[in-house]
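Participant: So that we are looking at the same thing, I have put the structure below in structure tokens.
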Amino acid sequence: MTTQDRKALLLRAQQIRQEQAKIRESIREGRLDPTSVLIQRNTNNLMGRMRLTYLLMSIKGIGKFKAQKLIASWALSHEVRLEELELEQVIRIAETITKFVAEQNLRREQPKDLP
């Protein structure tokens, strides 16, 4: 591999990381549903190569510890990529994410001055 080839590969890897960061930001801001990223994991290479840990941490209310705890509860590796997940695993993860997001939305909508 020549130096020029290596530079081109490094540049492409950097572009992919930046595009994935934009996806995570869209999830964080609520413009993109995390379950849709799971569904598109096999058709969109950019989403498929994303690690499950990063997808979970892009959801408001889920940090590194909670993401690791969820992944362990599903008996998955913390390094698993979305494209490596099987359909049953995706369904289980999507159900958990949907439930978590719904609970977060309810907490935000509750009036703060209730006893």
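The values are calculated or read from the model by the stated rules, or taken from the named source; none is laboratory data. The structure displayed is predicted, hence computed values, not measured ones. Note that each Cβ is placed from the backbone with ideal geometry, even for glycine, and that neighbours are counted across all protein chains shown.
Results for (1) closer than 20 Å to Gln20 by Cβ; (2) over 13 Å from the mean Cα position of the chain (by Cα), shown as yes or no for each residue.
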residue	(1), (2)
Arg81	yes, no
Glu84	yes, yes
Leu87	no, yes
Ile93	yes, no
Thr96	no, no
Ala102	no, yes
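Participant: Out of everything in segment 75-115 that is exposed (fewer than 14 other Cβ atoms within 10 Å of the Cβ) and of a type in the set (A, V, I, L, M, F, W, C), what residue ends up being modelled with the lowest pLDDT?
Facilitator: Step by step, filter segment 75-115, then rank; the result is Leu114.
Participant: Could I ask something else about it? Just one of Ile23, Ile16, Ile59 is in contact with a Ser or Thr (Cβ under 9 Å, 6 or more places away or on another chain) and at pLDDT 90 or above; which is it?
Facilitator: Just one listed residue meets the conditions, Ile23.
Participant: Continuing with the same structure: Does any residue of segment 81-102 turn out to be free of Cβ contacts under 8 Å to residues at least 60 places away in the same chain and either touching an Asp or Glu at 6+ places or on another chain (Cβ under 9 Å) or among the aromatic types (Phe, Trp, Tyr) (or both)?
Facilitator: Yes: segment 81-102 contains one or more residues that are free of Cβ contacts under 8 Å to residues at least 60 places away in the same chain and either touching an Asp or Glu at 6+ places or on another chain (Cβ under 9 Å) or among the aromatic types (Phe, Trp, Tyr) (or both).
Participant: Here's another thing I want to ask about it. If Arg17 passes every condition in (1) over 14 Å from the mean Cα position of the chain (by Cα); (2) part of a helix (DSSP H, G or I) but one, which one does it miss?
Facilitator: (1)
Participant: Can you tell me which residues in segment 69-88 are on the phi < 0 side of the Ramachandran plot and of a type outside the set (D, E, K, R)?
Facilitator: Scanning segment 69-88 gives Leu70, Ile71, Ala72, Ser73, Trp74, Leu76, Ser77, His78, Val80, Leu82, Leu85, Leu87.
Participant: Still on this structure: Going by the structure shown, is Ala67 among the hydrophobic types (A, V, I, L, M, F, W, C), within 21 Å of Glu95 (Cβ to Cβ), at pLDDT 90 or above and surrounded by 14 or more Cβ atoms within 10 Å (Cβ to Cβ)?
Facilitator: Yes; evaluated as a whole, the condition is true for this residue.
Participant: Can you name every residue in segment 24-51 that is surrounded by 14 or more Cβ atoms within 10 Å (Cβ to Cβ) and either in contact (Cβ under 8 Å) with a residue 60 or more places away in the chain or assigned to a loop (DSSP other than H, G, I, E, B) (or both)?
Facilitator: Those that are surrounded by 14 or more Cβ atoms within 10 Å (Cβ to Cβ) and either in contact (Cβ under 8 Å) with a residue 60 or more places away in the chain or assigned to a loop (DSSP other than H, G, I, E, B) (or both): Leu32, Asp33, Pro34, Thr35, Asn44, Arg49, Met50.
So that you can scan it fast, the table gives a plain yes or no per residue for (1) of a type in the set (S, T, N, Q); (2) assigned to a helix (DSSP H, G or I); (3) farther than 23 Å from Ser36 by Cβ:
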position	(1), (2), (3)
Leu55	no, yes, no
Lys60	no, no, no
Ala67	no, yes, no
Ile71	no, yes, no
Gln89	yes, yes, no
Ala94	no, yes, no
Thr98	yes, yes, no
Arg108	no, yes, no
